[in-house]
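Working notes, beginning with the structure itself.
The values are calculated or read from the model by the stated rules, or taken from the named source; none is laboratory data. Every value quoted in this text rests on a predicted model; they were computed, and no experiment measured them. Note that we place each Cβ from the backbone using ideal geometry, even for glycine, and neighbour counts take in every protein chain shown. Calculation scope for accessible area: heavy atoms of the full protein, side chains included, ligands and nucleic acids excluded. Shrake-Rupley method; radii C 1.70, N 1.55, O 1.52, S 1.80 Å.
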Amino acid sequence: MSKLICVVMFVATAYLSYGQAGNLIRESDSLMRILPMLTSDTARVDALVTISKTWISRDPSKGILYNKEAIALAEKINDSGRKGQAMLVLGYQYSVYGQTAKAIETLQETIHLAQQNKNSQLEQTAVAFISTAYSRQGDLENALKYALQAYQHLSAGPPQNPNEVEHYAGASMNLGEVYLRLGILDSAYHYISQSYGHVEQARLTNRYFAFHIPLLMGENILRLNQPQKALAYIKEGLKNAQSLNDNTGIVEGQLNLANYYQQTNQPDSLVSNALRALHGAQQLKKYEAIREASSMLREWYEKNKDLKKALYYNDITNAAKDSLINKDQIKEGQKLIFKEQQYQEKLTSARTAYQNRLIVYLLIGGLAIFLLVAVILFLNNRRKQKDNQLLQNEIKLQEAEFVGKLAETEMTALRAQMNPHFIFNCLNSIKLYTLENNSVSASEFLTKFSRLIRLVLENSRSEKVTLDNELETLQLYIEMEAMRFKNKVKYQIQVDENIDTQYIEIPPLLLQPYVENAIWHGLMQKEEGGTLSIAVSLVNESTLQVNITDDGIGRAAASELKSKSATRHKSFGLKMTSERIGLINKLYNSETQVRILDLVDSENQPAGTRVEVNIPV
């Protein structure tokens, strides 16, 4: 028995069985009422941990608060055993809540504490939880490492009782899921079906098993191109998640259903299930699920030439990748999704009602004489035309409303691409000026900062802004960077005299990523700094050309520096801008083009970079 250690990604203390769920929740409610009256610190720790467990599937953020209070109290009374159990559950809750870095850090501390106390059961359970956290983080190499460690510890012999069966089922499920994420489908099927067999054979009632294992089976079989066989497992898992009111499981099941309908070419069911999954994932802040659902919707609408909706869901996909979805944007997006969901359901209902009426008319016509049949068919044809006209009018009204709302939010995620680190550094600069009693510089910097933020917020409400407005935004941004780096950055902005900057309009914040890239990867790598030039001219009466030139170190030298954080932001910012230009070109049938040139001096040495942006006006 000593070698049978709970290493699955959940334990009895972290998940509730069917029979225990309601009782433990009622016990939690009772404990919350009597918690203020408990005088024993150990009893308070136990009560806080028990209360926190019931919030795992309902609201992990509340469970985290109770667990932190339990850990603080356990430290106060120097009870390392209770602290370890509370930290174990806290690490799992962080993982469920999507804070995987905190989860791994907390679980590593748990392992260290378990080793100090020689508690192998606590240590191995934490190992399994770390595997889950790494999997959710996308680090499948480490996830597999810890999953194999947990499984191999249990696989010395066959399980002898229900508790051991549960441990084996969990370890098999965990390992199979990692193989599934790695795309090693045969190995995944072996371990997941092994886990499913354990549950069926021993009639285990673990709450998480009930929906997660069938959904994994369905996903695995679906990826093995056996959709009809997969459907039964997917429906089983989704039904169990709904009966348990587990929102995470419901979203997982709806995503699997959407994938099934995509594979079997059932577009209406694909769209409706993807919308439900996206709506639920946004409520839970499950960014990976948001990305997967919105990506399916984007691909579907792009395939069907609905570029406005494709652009909208592409924005959601990009925002989810960067995990920077603004709460107000989420709220607005949820409203739009809910309205579209209602529209889809209403349209389906209208079609069904119409088909039912048509069947009734045909049955009546079959029993009538030829003349009556002719009259009924004539009336039916007129009614059909009227219904179609009404339906078309309703569709146009719905689309007009959707487009109106979409115009307010469709570019918000991409327009709000100002580097969060830049804003953080600006606030630090203001703080530094204040500490140095440099009130003049602090005031000037704060004035420019507030003006820049106001311009960005104003521009995010418009599809296009005037050239004058865009250049003012760029100038403020450059001036703030110059102040932050002690005027190492010099700049000049030249506009041809024949250009009316108040009349010409361009997409907002289209140029800022290239200016930012020139400063950070060109000029700031030179000890003495350098000069940034922005020249605006008309190539012809319908094309505006903006040249962004720096005398920095050049792209080749910048690549050699391999600054990890800078590279990540650069690649994402420029890639997102490129995707945005591509979608704008499709949507408006335009030809916005970008060309990047490496400059050299008379001795053929790198002398900077020039970005040429041609924008139709």
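Return an integer: the convex hull volume of the alpha-carbon atoms of segment 223-264, in Å³ per residue.
So the per-residue Cα hull volume is 52 Å³.
Classify segment 59-182 as rounded, prolate or oblate, taking a ≥ b ≥ c as the square roots of the eigenvalues of its Cα gyration tensor: rounded when a/c is under 1.5, otherwise prolate if a/b is larger than b/c and oblate if not.
Oblate, since a/c reaches 1.5 and b/c is not below a/b.
What's the local net charge at Asp139, with K and R +1, D and E -1, over the other residues with C-beta under 15 Å away?
That sum, taken over residues with Cβ under 15 Å, equals 0.
Expected output is a single nm value to one decimal: the length gained when fully extending between Lys488 and Leu446, i.e. 0.36 nm times separation in residues minus the C-alpha distance. What is it?
Full extension of this stretch gives 13.2 nm more.
Report the label-to-label distance for Glu141 and Ser80 in nanometres (one decimal), using points 7 Å from each Cα along the Cα→Cβ vector.
For the pair Glu141/Ser80, the computed spacing is 3.3 nm.
Treat each spin label as a single point 7 Å out from the Cα along the C-beta direction, and report the Gln545 to Gln593 distance in nm.
1.0
How big is the Kirkwood radius of segment 471-541, worked out from every pair of different alpha carbons and given in Å to one decimal? Before the final figure, lay out each step's value.
Numbers: mean 1/r = 0.0753 Å⁻¹.
Here the Kirkwood hydrodynamic radius works out to 13.3 Å.
How much accessible surface does His521 have with a 1.4 Å probe, in Å² rounded to 10?
For His521, solvent-accessible area is about 40 Å².
Calculate, for Asn356 and Asp41, the FRET efficiency according to 1/(1 + (r/R0)^6) with r their C-beta to C-beta distance and R0 51 Å; round to the nearest 0.05. Could you put the intermediate results ahead of the total?
Values: r = 67 Å, r/R0 = 1.32.
Efficiency at R0 = 51 Å is approximately 0.15.
Calculate, for Lys308 and Gln115, the FRET efficiency according to 1/(1 + (r/R0)^6) with r their C-beta to C-beta distance and R0 56 Å; round to the nearest 0.05.
0.50
Taking R0 as 60 Å, what FRET efficiency do you get between Val495 and Ile369 from their Cβ-Cβ distance, rounded to the nearest 0.05?
Computed FRET efficiency for Val495 and Ile369 comes out at 0.15.
If the limit is 31 Å between Cα atoms, which of Lys102/Lys490; Lys229/Lys586; Lys229/Lys309; Lys384/Lys586; Lys118/Lys145 go over it?
Listed pairs above 31 Å: Lys102/Lys490; Lys229/Lys586; Lys229/Lys309; Lys384/Lys586.
Using bins 5 angstrom wide from zero, how does P(r) for segment 435-517 break down, in % of all Cα pairs?
Binned Cα distances yield the sequence 3, 13, 21, 23, 18, 12, 6, 2, 1, 0.
After finding the eigenvalues of the alpha carbon gyration tensor for segment 218-315, what semi-axes result from the square roots of 5 times each, listed largest first in whole Å?
Three semi-axes, in Å: 22, 17, 9.
What spacing in nm lies between the two simple spin-label points modelled at Arg461 and Ile423, each 7 Å away from Cα in the Cβ direction?
Modelled inter-label distance: 1.8 nm.
Quick check of the Kirkwood formula: for segment 48-92, what is the inverse mean of 1/r over all pairs of different Cα atoms, in Å?
In segment 48-92 this quantity evaluates to 10.1 Å.
Multiply the residue gap between Arg181 and Val617 by 0.36 nm, knock off their C-alpha separation, and tell me the result in nm, one decimal place.
Extra length from Arg181 to Val617 when fully extended: 152.3 nm.
Under the classification rounded if a/c is under 1.5, otherwise prolate if a/b is larger than b/c and oblate if not, where does segment 131-229 fall, given a ≥ b ≥ c as square roots of the Cα gyration tensor eigenvalues?
Oblate is the answer for segment 131-229, as a/c is 1.5 or above yet b/c matches or exceeds a/b.
Using only the Cα atoms of segment 96-150, each taken as one equal point scatterer with no solvent, compute I(q) by the Debye sum, divide by I(0), and report log10 of the ratio at q = 0.12 Å⁻¹.
After summing over all Cα pairs, the log10 values are -0.24.
Longer than 19 Å from Cα to Cα, which of Lys53/Lys83; Lys62/Lys285; Lys235/Lys285 are they? Say none if no pair is.
Values: Lys53/Lys83 15 Å; Lys62/Lys285 15 Å; Lys235/Lys285 24 Å.
Among Lys53/Lys83; Lys62/Lys285; Lys235/Lys285, the Cα-Cα distance tops 19 Å for Lys235/Lys285.
Show me the trypsin sites (Lys or Arg not before Pro) within segment 76-152 that DSSP assigns to loop and that have at most 11 other Cβ atoms within 10 Å of their Cβ.
Lys118
Can you compute the equivalent ellipsoid semi-axes for segment 465-617, i.e. the square root of 5 times each eigenvalue of the Cα gyration tensor, sorted largest first and rounded to whole Å?
26, 18, 15
Between Ala535 and Gln194, 0.36 nm times their residue separation minus their Cα-Cα distance comes to what? Show your work: numbers first, answer last.
Values: separation 341, 0.36 × 341 = 122.76 nm, distance 6.60 nm.
Gain on stretching Ala535 to Gln194: 116.2 nm.
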